[in-house]
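I have placed the structure first, in the form of structure tokens, so that the comments after it can refer back to it.
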Amino acid sequence: MKLAIRLHPSDSVAVAMEAGAPGECFSVLSEQGAECDRVEIASALPLPYHKVALAEIAAGEAVLKYGQVIGLASAPIRRGEWVHLHNLQSATFGPRGEEA
Amino acid sequence: MEAHGTFLGYPRANGQVGVRNHPLVMATCDCAYEEARRMAAAIPGAVVVGQFHGCGADPMVVQQMVGIANNPNVGAVLLVGLGCETISVDRLADGMDATAKPVESLVIQRDGGSLKAIEAGTRLLREMAALLSTQQRQPCDIARLTVALQCGGSDATSGIAANPAVGVATDRLVAAGATVLFSETVELIGTGRLLAPRAVSPEVASLIQRAIADEVWRGKATGISGRSLPKGNEDGGITTIEEKALGNILKSGASPIQGVLENSRERLERPTRPGLYLQNGTAWDVASITHMAAVGAQLAIFTTGRGSTTGHAILPVIKVTGNPDTFRNMSDNMDVDAGRIILGQAGITQVGEEIVALALAVASGAKPKAEALGFTDFQMFRRDAVVENMLRRCR
């Protein structure tokens, strides 16, 4: 099974070690290397090392990686969905330079 | 395990220690660069740098040029000016510590034009190279070492593997009494509440927060957008500046932060005692290494995911990648394979200790790949005076 790494127990995303297609299942490893979750890919992960959502995330909600806020969801994100520029934005800089 | 022991360096008369012994040709202004380049090309081992910000005396350029000439990796300096520039050879020589190394100057307009200057400069450089070749490396305490941390061409593996491994190396080096500098202030945005508690004093904590807040202000003032990351970062799985920053700061380990070194139009600050420092400055890779070299760094540890190939004119640069595909694909450029962490083949601590061992070997003369390839990248960063004046009025 393909692998993803969750860097902190409170994270809402994991980093997938490979690209993935919808319907594929990834084993999610904790920072200690033990399986802590399995997630079915809901939208294509086009490239390795991209993020997959581990939780349902509402638009405007903080997205957590490293146990910290990496930005705000700019659209609702389903568990298993690819998380990137189309649904996550900086909490410091908005998409056109205004404050988010 | 604490990094301990010694490395083989070149002690200077002023107490500094070089890990290299370069004869350096420094063009003070753009108009003297072609002559300077030809002098250096004639003498194997000589390196040439120029600054490409014109011939006015921008204070940041002057401070950094002087700092580079004073860097202990430079064994002798030949300053080359045109003659009509404000940033003259005398101005740079005045700032240099002449007790530490030989310093010579040529002025093309004064000394008979290009060909006569090139001939005279090449001869001076030959004499410098001959002198430097008689100097021997000697055992030096690790406390004489200042290491610059840098990243470039990051991807999501940088924050999982390469930067955490370098963070282990940072903590080992600091525990052994070395000095470590991290910079790239824009890539600290969103991490202030993690870094500030590591400051040695409330004053340093507020300087860290101020440095980050200033970068946010500069970003907004100059129209940075949420889509501000290089394409390679985005293709590599990094989405936001905060995500990039949270990965970046892992390079600095968990050591206390001794201070924030300013590199501004007012001053260029040096570390005053060993330990870990934030040098407030650019994230532009080569220029960032330059400004850390200008306050005494002798070698750089550089993490990359996509595969940066750069070296530096006066510092050996060790490349660490956390991306196993990049290590395999670019084995001519990468020194340390932290991708083994991703593959479960090595632990973060193990790779961190390998980085310390390699850093000491490189400090003793071993050439990392960018140096073996002869890469002598050199760029210099200066702040926009208009933006800085606005920042001062607005904050």
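The values are calculated or read from the model by the stated rules, or taken from the named source; none is laboratory data. The shown structure was predicted, so the numbers you read here are calculated from the model rather than taken from an experiment. All Cβ positions, even for glycine, are placed from backbone atoms using ideal geometry, and neighbour counts span all protein chains on display.
Restrict the check to the stretch B:89-102 and report whether at least one residue is under 30 Å from B:P274 (Cα atoms), of a type in the set (K, R), assigned to a loop (DSSP other than H, G, I, E, B) and touching a Lys or Arg at 6+ places or on another chain (Cβ under 7 Å).
Yes; the residues of the stretch B:89-102 include at least one that is under 30 Å from B:P274 (Cα atoms), of a type in the set (K, R), assigned to a loop (DSSP other than H, G, I, E, B) and touching a Lys or Arg at 6+ places or on another chain (Cβ under 7 Å).
Can you name every residue in the stretch B:216-240 that is of a type outside the set (A, V, I, L, M) and buried (at least 21 other Cβ atoms within 10 Å of the Cβ)?
Across the stretch B:216-240, the qualifying residues are B:G226, B:N233, B:G236, B:G237, B:T239, B:T240.
Would you be able to tell me the number of residues in the stretch B:183-239 that are at the interface with chain A (Cβ under 7 Å from one of its Cβ atoms), in contact (Cβ under 8 Å) with a residue 24 or more places away in the chain and not in a helix (DSSP H, G or I)?
Residues meeting the conditions: 4.
Only residues that are touching a Pro at 6+ places or on another chain (Cβ under 9 Å) and small (G, A, S): list them for the stretch B:101-140, please.
B:A129
Return the residues of the stretch B:157-172 that are within 15 Å of B:T303 (Cβ to Cβ) and either more than 12 Å from chain A (Cβ to nearest Cβ) or small (G, A, S) (or both); say none if nothing qualifies. Full working, then the answer.
Here is the first cut: in the stretch B:157-172, the residues within 15 Å of B:T303 (Cβ to Cβ) are B:157-170.
Residues satisfying the conditions are B:S158, B:G159, B:A161, B:A162, B:A165, B:V166, B:G167, B:V168, B:A169, B:T170.
Looking only at residues that are touching a residue at least 40 places away in the same chain (Cβ under 8 Å) and in contact with a strand residue (DSSP E or B) (Cβ under 6 Å, 6 or more places away or on another chain) in the stretch A:42-60, which one is farthest from the other protein chains (Cβ to nearest Cβ)?
Residue satisfying both the conditions and the ranking: A:L54.
Taking the stated definitions as given, is B:V174 at pLDDT below 95 and not hydroxyl-bearing (S, T, Y)?
The answer is no for B:V174.
When you go through (1) part of a loop (DSSP other than H, G, I, E, B); (2) surrounded by 23 or more Cβ atoms within 10 Å (Cβ to Cβ); (3) within 12 Å of the chain's Cα centre (by Cα) one by one for A:V15, which number turns out not to apply?
Of the numbered conditions (1) part of a loop (DSSP other than H, G, I, E, B); (2) surrounded by 23 or more Cβ atoms within 10 Å (Cβ to Cβ); (3) within 12 Å of the chain's Cα centre (by Cα), the odd one out for A:V15 is (1).
Suppose we filter the stretch A:20-41 for residues that are over 20 Å from B:L246 (Cβ atoms), within 13 Å of chain B (Cβ to nearest Cβ) and either part of a strand (DSSP E or B) or under 13 Å from the mean Cα position of the chain (by Cα) (or both); how many remain?
Final tally of qualifying residues: 3.
Going residue by residue through the stretch B:163-180, is there one that turns out to be under 28 Å from B:W217 (Cβ atoms) and outside any helix (DSSP H, G or I)?
yes
What is the residue count in the stretch A:69-84 for residues that are free of Cβ contacts under 8 Å to residues at least 60 places away in the same chain, surrounded by 16 or more Cβ atoms within 10 Å (Cβ to Cβ) and out of contact with any Ser or Thr (no Cβ under 6 Å at 6 or more places or on another chain)?
6
Name the pairs whose Cβ atoms lie under 7 Å apart, with the first residue in the stretch B:90-111 and free of Cβ contacts under 8 Å to residues at least 24 places away in the same chain, the second of a type outside the set (A, V, I, L, M, F, W, C), and 6 or more positions between them or separate chains?
Matching pairs, first to second residue: B:A93/B:S105.
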